[in-house]
Amino acid sequence: MQPNIWPSEVPDFQEKSYKLFEELDKLGVRILRALALHINLPETFFDNLIDSGNSILRPIYYPPIQDGNAPNVRAGAHEDINFITLLVGASAEGLEVLTKEGAWLPITTHDDAIVVNIGDMLQRLTNNVYPSTTHRVVNPTNENASKPRYSVPYFLHPNPDVLLDPLPSCITPGNPNHYPDSLTSHEFLQQRLREIKLI
Ligand SMILES: O=C(O)CCC(=O)C(=O)O
Ligand SMILES: [Fe+2]
């Protein structure tokens, strides 16, 4: 992984970013505990699968769109690769999630609300019991269209050696194993990064 770039123009950037990273990481542990209980796993089941600091806090800058003919989509429909993603409110609307009915639902958060998306690694581990959230970012149609957009997702990743094979408790006659090939989280990540041509 590339080293962090710390802008010197913003005095407390490094300290505040680390603080945000740590707080989102703690929140992620709590959310995974709730997700574990909901599918009858021990509450702390995920705790030692995510304790090696493999997660990423990624500030994203979407440039302003000044060209009226530019595509309306800033980030195309996709699923995140990791366990869960925590999104603090972005600087402008635009995030949309795909509902079960196949409609795009705009998600606009205020104040201290945090959006939680399930990623493909959790989907795999739970044999689709927790399906990953398909989402995209569109360009707003109001005056925010011509402004840049900032968003800072926290991608909570399992440790690289975690086996992402479906948990036996998530395999039932009605939900047979969808992922018979054994893969570690590291192998899964490499496979996905190759698919999207990032490596
Ligand atoms: O910009 C956002 O609000 C979401 C970004 C996103 O979906 C991603 O980076 O995977
Ligand atoms: Fe995403």
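For ASN72, the criteria (1) over 30 Å from TYR18 (Cα atoms); (2) touching a Leu at 6+ places or on another chain (Cβ under 8 Å) hold in every case but one, which is (2). Can you name the number of the only condition in (1) under 19 Å from THR85 (Cα atoms); (2) among the acidic types (Asp, Glu); (3) not in a helix (DSSP H, G or I) that ASP25 fails? Exception for ASP25: condition (3).
Listed by first and then second residue, the pairs with beta-carbon distance under 9 Å, at least 6 apart or on different chains, first residue in the range 62-78 and over 16 Å from ALA92 (Cα atoms), second part of a loop (DSSP other than H, G, I, E, B) and polar (S, T, N, Q), are ALA70/ASN139; PRO71/ASN139; ALA77/THR134; HIS78/THR134. Apart from one condition, ASP161 fits all of (1) assigned to a loop (DSSP other than H, G, I, E, B); (2) touching a Lys or Arg at 6+ places or on another chain (Cβ under 6 Å); the exception is (2).
Among the residues of the range 135-144, is there at least one that is under 23 Å from PHE46 (Cα atoms) and either surrounded by fewer than 16 Cβ atoms within 10 Å (Cβ to Cβ) or of a type outside the set (Val, Ile, Thr) (or both)? Checking the range 135-144: not a single residue is under 23 Å from PHE46 (Cα atoms) and either surrounded by fewer than 16 Cβ atoms within 10 Å (Cβ to Cβ) or of a type outside the set (Val, Ile, Thr) (or both).
Of GLY89, GLY102, GLY94, all but one fail to be on the phi > 0 side of the Ramachandran plot and more than 14 Å from ligand 2 (Cβ to nearest atom); the exception is GLY102. Taking every residue in the range 12-33 that is at pLDDT 95 or above and pairing it with any residue that is part of a helix (DSSP H, G or I) and surrounded by 11 or more Cβ atoms within 10 Å (Cβ to Cβ), at least 6 positions away or on another chain, the pairs with Cβ-Cβ distances below 8 Å are VAL29/ASP47; LEU32/ASP47; ARG33/ASP47. Somewhere in the range 37-53, is a residue near ligand 1 (Cβ under 9 Å from one of its atoms), surrounded by fewer than 18 Cβ atoms within 10 Å (Cβ to Cβ) and either among the hydrophobic types (A, V, I, L, M, F, W, C) or within 15 Å of VAL152 (Cα to Cα) (or both)? Within the range 37-53 (the criterion being near ligand 1 (Cβ under 9 Å from one of its atoms), surrounded by fewer than 18 Cβ atoms within 10 Å (Cβ to Cβ) and either among the hydrophobic types (A, V, I, L, M, F, W, C) or within 15 Å of VAL152 (Cα to Cα) (or both)), the answer is no, since none of the residues qualifies. Exactly one residue among VAL29, VAL97 is touching a Lys or Arg at 6+ places or on another chain (Cβ under 9 Å) and surrounded by 14 or more Cβ atoms within 10 Å (Cβ to Cβ), and that residue is VAL97.
The set of residues in the range 128-173 being away from ligand 2 (no atom under 16 Å from the Cβ) and among the aliphatic types (A, V, I, L, M) consists of VAL129, ALA145, VAL162, LEU163, LEU164, LEU167, ILE171. The set of residues in the range 108-119 that are more than 13 Å from ligand 2 (Cβ to nearest atom) and part of a strand (DSSP E or B) contains only ILE114. Looking across the range 92-107 at every residue that is near ligand 1 (Cβ under 10 Å from one of its atoms) and assigned to a loop (DSSP other than H, G, I, E, B), the one that is farthest from PRO140 (Cα to Cα) is identified as ILE107. Only one entry of TYR154, TYR150 meets the criterion of being assigned to a strand (DSSP E or B), more than 10 Å from ligand 1 (Cβ to nearest atom) and not hydrophobic (A, V, I, L, M, F, W, C), and that entry is TYR154.
Among the residues of the range 54-77, those identified as surrounded by 14 or more Cβ atoms within 10 Å (Cβ to Cβ), closer than 23 Å to PRO140 by Cβ and within 13 Å of ligand 1 (Cβ to nearest atom) are TYR62, ARG74, ALA75.
The values are calculated or read from the model by the stated rules, or taken from the named source; none is laboratory data. A quick note: this is a predicted structure, and the numbers were derived from the prediction, not measured. Quick reminder, even Gly has a Cβ in these numbers, built from the backbone with ideal geometry, and neighbours come from all protein chains shown.
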